[in-house]
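Asker: Quick one: the structure is below, questions incoming.
Throughout, read-outs are computed from the coordinates displayed, never taken from laboratory work. Source: prediction; values computed, not measured. Using ideal geometry, Cβ is built from the backbone for each residue, glycine included, and neighbour counts are taken over all protein chains shown.
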Amino acid sequence: MRQLSSTVMLHSCRRKAIVSMIVLFLTLAASSFQVEGLLVATNKTVTARMTTSTSNTALHLSKCPSPSQMAVTVNSIAGGLTFGGGLIGFLTKGSKASLVAGSGFGGLLGVSTQLIRQSSSRSKKVGLSLGTAVGGALTYVMGKKFWASQKFMPAGLVAMAGMLSFLVNTLGLILFNKEQEDSAVIGNEKKES
């Protein structure tokens, strides 16, 4: 009886730890979106105060970060988490596979982040595509490990980060392609006029 209650208590503690980690991860991701959006909006606030109140209203709507800004933030967080997790796995258990996979996936997400920050539309598209592919691969690989082990750390957390990266980069890629199509249509209409 005593052993059963300690087992139940252990599972309860694990559940609380898992929920705490999910909340922490989502809070971190949400706060970095807001910080990045506010940093972008801060420069516009100064300009809007010097002009008219109409600009100020437009500024209020522009505080939401664009999908590419969100992809940069999510890829940075997921890449850092993956790289850090691989390094911790190597240092604690001596797992070279963790180090190689963590630094590989983390590095690719870092490259994706840098490509998205470039001003060229081609590099943004490549960066969003790379982020989508790496996020999907992370979700698949670590999701399988999580499903087999039922342990949230590290497989569940990295799978969640990969899924978030996959979804945000996919959304960014879809919206980016839509913007490119719309600008091409507008350019063709101007040529015909």
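Asker: Pop the C-beta distance of ARG117 and GLU181 into the FRET formula with R0 = 25 Å and round what comes out to the nearest 0.05.
Answerer: It comes to 0.65.
Asker: What is the extension gain from ASN188 to ILE174, computed as 0.36 nm multiplied by their sequence separation minus the C-alpha to C-alpha distance, in nm to one decimal?
Answerer: Net length gain for the segment: 2.9 nm.
Asker: Considering only MET153, ASN169, LEU128, whose Cα is most displaced toward the positive end of the charge dipole of the stretch 109-193, charges sitting on Cβ of Lys, Arg (+1) and Asp, Glu (-1)?
Answerer: In the stretch 109-193, that residue is MET153.
Asker: Using θ = phi - 60° and the Karplus form 6.51 cos²θ - 1.76 cosθ + 1.60, what ³J(HN,Hα) does each residue of the stretch 83-93 get, whole Hz, x for Gly and Pro?
Answerer: Couplings: 5, x, x, x, 5, 5, x, 6, 5, 7, 10 Hz.
Asker: Only Lys, Arg, Asp and Glu count, each charged at its Cβ (+1, +1, -1, -1), so figure out the dipole size of the stretch 74-193 about its Cα centre, rounded to 20 debye.
Answerer: Dipole about the Cα centre, nearest 20: 480 debye.
Asker: Here's another thing I want to ask about it. Working out 0.36 nm times the residue gap between LEU91 and TYR140, then minus their Cα-Cα distance, what length gain in nm do you get to one decimal?
Answerer: 15.2 nm
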